[in-house]
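Worksheet: the structure to be examined is printed underneath.
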Amino acid sequence: MPVSERSRIEISVAGPQTDAELRALMTQVPVGHGIVVTLEREPSFFEACRVHGEAQVCVGRDPETGRAVGMGTRAISRAYVNDRETSIGYLADLRLLPEYRNGLLVARAYRFLHELHGDGRARLYTTVIFADNELALRTIASGRAGLPRYHDLGVMHYPGINLTRRKPEVHGDFRITVGNETLLPAVVACLNRNGAHRQFAPVHTVGDFRPGGRWVGLKPENLLVAVSNGEVVAALAIWDQRPFKQTRILRYDGLYRWVVPCSTLLHGAFGTPHFPRSGEVFSYCYFSFLSVDDDDLQVCHALLRAAYNKGVSAGYLYAMISAHERDPLLPVIRAYRSTPFAGRLFCVTYEDGEEEFCKLDARVPTAEAATL
């Protein structure tokens, strides 16, 4: 199809009736180099979108065939900006079939996004472009005319901590316990007071952890909590999202074709990473919403160690966790053997968001892995 015809793709906001098409499109556009995966949203794309916030899913269709050929999500949620609660946007799930990729279509898609932006619900957006996505870094994040501005806020690290053998517990003048309904309000308060110290951290509510809440499938008993002198001083969630969001290995390319079988073979003896076979879904969880009063490294060390041991006991191979390159808790995370994964965090603005962006202070930004 000539470029002039591809640029006529019809773009609209998708409804629930398109769910199957969107799920299929996610599997048709694999991501990654070396380790090539499909990011799937079974059994419901829209249900999985709840973790983003209030989502508008845009779909592009070939008018001749009616086929869905591209998509993207704009979501609005409450987050902390300069220590204050506000509404921000998040841009995610950008997918476009290879045969339809061209600059004209991308520009049209961003004009459509600008129309949605006209509802005034957010001035600032965040998005993460992973390090191996060179096409996106060269195009949408390049500052080309007609596109919104992408302000680079640095590297977000998303290491997959290798869960091999249990490790000794870490003790201190606090205790680590499992969350429950009684503790939940205090845990939410801990998450929020620490989130306020991170730029773009989500605002939590008690309802987010209950059926129908934003954090799909996450329950109070999935939380690990540090308590000192009767007060919750740190918290972390162990979140298994596989019931609604899956990462499936499509293939291994390049050196990974040799590294993967060797690493898996030595996993039991030496603790090297265990990789799933092609076609399998990664067995992993998220260590989410890590929040520690005063960024206390000892408390963080104990909490992360307790989560690590729970992950090992549950049979997960990996635990994904988030930390910006300037996060003071990053050294604790780096003490664990992990498979590195990283992306660049951007704040995206149209003209009416430039002033808001210029007001951002120097606090450490964040983008939670489990909500990407």
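The values are calculated or read from the model by the stated rules, or taken from the named source; none is laboratory data. From a predicted model like this one, the values you see are computed outputs, not experimental measurements. For neighbour counting, all protein chains shown are included, and Cβ atoms are generated from backbone atoms with ideal geometry for every residue, glycine included. Surface accessibility is based on the protein's heavy atoms, side chains included, excluding ligands, DNA and RNA. Shrake-Rupley method; radii C 1.70, N 1.55, O 1.52, S 1.80 Å.
Give the angle, between 0 and 90 degrees and rounded to the nearest 10, that separates the Cα long axis of helix 19-28 from the longest principal axis of the Cα atoms of the chain.
Here the helix axis deviates by roughly 80 degrees.
Give me the three principal axis extents of region 215-332 from the C-alpha atoms, as integers in angstrom, largest value leading.
Answer, in whole Å and largest first: 51, 29, 28 Å.
Contour minus end-to-end for S44 and E64, with contour as 0.36 nm per residue of separation and end-to-end as the Cα-Cα distance?
Additional length available on full extension: 4.5 nm.
Enumerate the calculated ³J(HN,Hα) couplings along region 31-43 in order (Karplus 6.51 cos²θ - 1.76 cosθ + 1.60, θ = phi - 60°), each rounded to whole Hz, writing x wherever the residue is Gly or Pro.
10, x, 10, x, 9, 9, 10, 10, 9, 9, 9, 9, x
Go through region 242-259 residue by residue and turn each phi into a ³J(HN,Hα) via Karplus (6.51, -1.76, 1.60, θ = phi - 60°); whole Hz please, and just put x for glycine and proline.
Karplus values, whole Hz, x for Gly and Pro: 4, x, 9, 8, 10, 10, 10, 6, 8, 6, 10, 10, x, 4, 5, 5, 9, 5.
Taking θ = phi - 60°, what integer Hz values does the Karplus form 6.51 cos²θ - 1.76 cosθ + 1.60 yield along region 52-62, in sequence order, with x for Gly and Pro?
6, x, 7, 9, 10, 9, 9, 10, x, 10, 6
Under a 5 Å amide H to amide H cut-off, with H placed in plane at 1.01 Å, what residues pair with R41 once short-range neighbours are removed?
Q246
Pop out the carbon and sulfur fraction of the accessible area of the chain as a percent, whole number, probe 1.4 Å.
Looking at the chain in its full context, I get 54 percent from C and S.
What percent of all Cα-Cα pairs in the chain falls in each 10 Å bin, counting up from 0?
Taking all Cα pairs of the chain, the binned fractions are 5, 23, 33, 26, 11, 2, 0 percent.
Charges at C-beta only: +1 for Lys and Arg, -1 for Asp and Glu. How large is the resulting dipole of region 1-75 about its Cα centre, in Debye rounded to 20?
Dipole about the Cα centre, nearest 20: 160 debye.
Determine the relative contact order of the chain: mean sequence separation of Cα pairs under 8 Å and six or more apart, normalised by residue count, in whole percent.
Details: 749 pairs, mean separation 90.1, N = 372.
Over the chain, the number comes to 24 percent.
List every residue whose amide H lies under 5 Å from the amide H of L124, counting only residues 5 or more places away in sequence or on a different chain, with H placed 1.01 Å from N in the peptide plane.
G89
Taking 0.36 nm per residue of sequence separation and subtracting the Cα-Cα distance, how much length would be gained by fully extending the chain between R166 and V13, in nm to one decimal?
50.4 nm
Relative to the first principal axis of the alpha-carbon coordinates of the chain, what is the inclination of helix 297-314, with its axis defined by its Cα atoms, in degrees from 0 to 90 and to the nearest 10?
On a 0 to 90 degree scale, this one is about 80.
Go ahead and run the numbers for FRET between Q28 and N229, Cβ-Cβ distance against an R0 of 41 Å, rounding to 0.05.
0.15
Give the accessible surface of the chain per residue, rounded to a whole number of Å², with probe radius 1.4 Å and ligands, DNA and RNA excluded.
45
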